[in-house]
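Working notes for the structure below.
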Amino acid sequence: MRIDVVTVFPEYLAPLNLSLIGRAADRGLIDLAVHDLRTWTHDVHRTVDDSPAGGGAGMIMRPEPWGEAFDALVEPATPPHLLVPSPAGVRFDQSMARDLATQRHLMFACGRYEGIDQRVLDEARQTMTVTEVSLGDYVLFGGEVAVLAIVEAVTRLIPGVLGNAESLAEESHNDGLLEAPGYTKPAVWRDRPVPDVLLSGHHAKIARWRRDQALLRTAQFRPDMLAGLPDEALSKADRAV
Ligand code: ADE
């Protein structure tokens, strides 16, 4: 998968070179490039923003550098899926991450200030799929942190990036539930034992215990997720918890 990120703060994206994402890039599973939007400015101040038409507080990003950036990065025959982080976008979630993980080319446009001139997105929609995407109901300074989160969530779903496909199957949000708590050695730590069932070697009982814990945790922290599950997602044993 090719991933392009356009930002006025390329150094904000440096963590993408670390850890598992960096390794996925080293192994050729993703081809990641971060671009400075100011590359496509032509004045001495390398201006990217201006006051809002109609007045008001803050600054809006001017359309010209964005237009030139897209002209340079987009191959018209094979356009990317453009993602524009914004608190006014659709909420990012695991199902969107799964969908994005199947795409050939993602491009992120990081807005700062009060956002990007709307005409940039309107024009981009003529040639590519554009999704304004929000991390959650709070406001960040700009889209860079959202890109870090989205790229990490998407990259780890690309086949070959994670070693163990089972860990994907059992993690939070994959089956619509939060994941059960985890334990490791020692068997007792500061008088706190690992739950007996996990040391029993009884696989069916362990699976049932984990499922029960996932259901209880989801009911406690995210009742909205439980309410949204289709009827057939819960067995009779699940309903007894
Ligand atoms: N930019 C500013 N706030 C944001 C948010 N909540 N999600 C995504 N991008 C943003």
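Read-outs: derived from the displayed coordinates by stated rules, not from any lab. All values reported here derive from a predicted model rather than from experimental measurement. Counting neighbours? That spans all protein chains shown, and the Cβs are built from the backbone with ideal geometry, glycine included.
Observations on the model:
- Rel. contact order, % - alpha carbon contacts under 8 angstrom, at least six apart, the chain: 19 percent
- Long-range amide H partners of LEU178 with built H, under 5 Å: HIS173, THR218
- Furthest towards positive pole of dipole, HIS202, LEU216, ALA233, structure part the stretch 165-239, Cβ charges: HIS202
- Simple label model, 7 Å out from Cα along Cβ direction - ASP26 to ARG104, nm: 2.9 nm
- Zone residues, the stretch 1-30, relative to THR39, backbone N less than 14 Å from point 7 Å out along Cα-to-Cβ: 3-11
- Charge dipole (Cα centre; +1 on Lys/Arg Cβ, -1 on Asp/Glu Cβ; no other charges) of the chain amounts to roughly 1140 debye.
- When each of the peptides 85-94, 190-199 is scored by how many other beta carbons lie within 10 Å of its residues on average, the order from highest to lowest is 85-94, 190-199.
- On the beta carbon distance between GLN126 and ALA14, with R0 = 35 Å, the FRET formula returns roughly 0.60.
- Ranked by the mean number of other Cβ atoms within 10 Å of their residues, highest first, the peptides 139-148, 10-19 come out as 139-148, 10-19.
- Extended-chain gain in nm, criterion 0.36 nm per residue less alpha-carbon gap, VAL188 and ASP71: 36.1 nm
- Sorting 220-227, 108-115 by their mean Cβ neighbour count within 10 Å, with the most densely packed peptide first, gives 108-115, 220-227.
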